[in-house]
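Below is one structure, written out as structure tokens, with a few remarks after it.
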Amino acid sequence: MLGFICVSGIWLDAYKRRLTNRERELELKARIAEAQAGQDAAGKSALEERLRVLERIATDKPTTLAAQIEGLREPVN
């Protein structure tokens, strides 16, 4: 009977450590997923902005576009 109690205690301790490690693993996976989602959102936002610029370039009149490009250039000192 004493052997059973000792073995049960050892088994329960090992199981508790396994659960703790599994919890840490899941937390790390969640952090990684959050980081990737943030990067994906930032990349998507940048691509949308580029698409808007390309659409504007394709649809604007050339003279208006040229004036806007000239307006963006930095003056030479």
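The values are calculated or read from the model by the stated rules, or taken from the named source; none is laboratory data. Please read these numbers as outputs of a predicted model, since none were measured by experiment. Every residue, glycine among them, receives a Cβ derived from its backbone with ideal geometry; neighbour counts consider all protein chains shown.
Scanning the stretch 46-77 for residues that are of a type outside the set (D, E) and not in a helix (DSSP H, G or I) gives K61, R73, P75, V76, N77. The condition (being loosely packed, with under 10 Cβ neighbours inside 10 Å, among the polar types (S, T, N, Q) and modelled with pLDDT of 80 or more) is satisfied by just one residue among T63, T59: T59. Checking the stated criteria, I32 turns out not to satisfy the condition of being modelled with pLDDT under 80, among the aliphatic types (A, V, I, L, M) and surrounded by 10 or more Cβ atoms within 10 Å (Cβ to Cβ).
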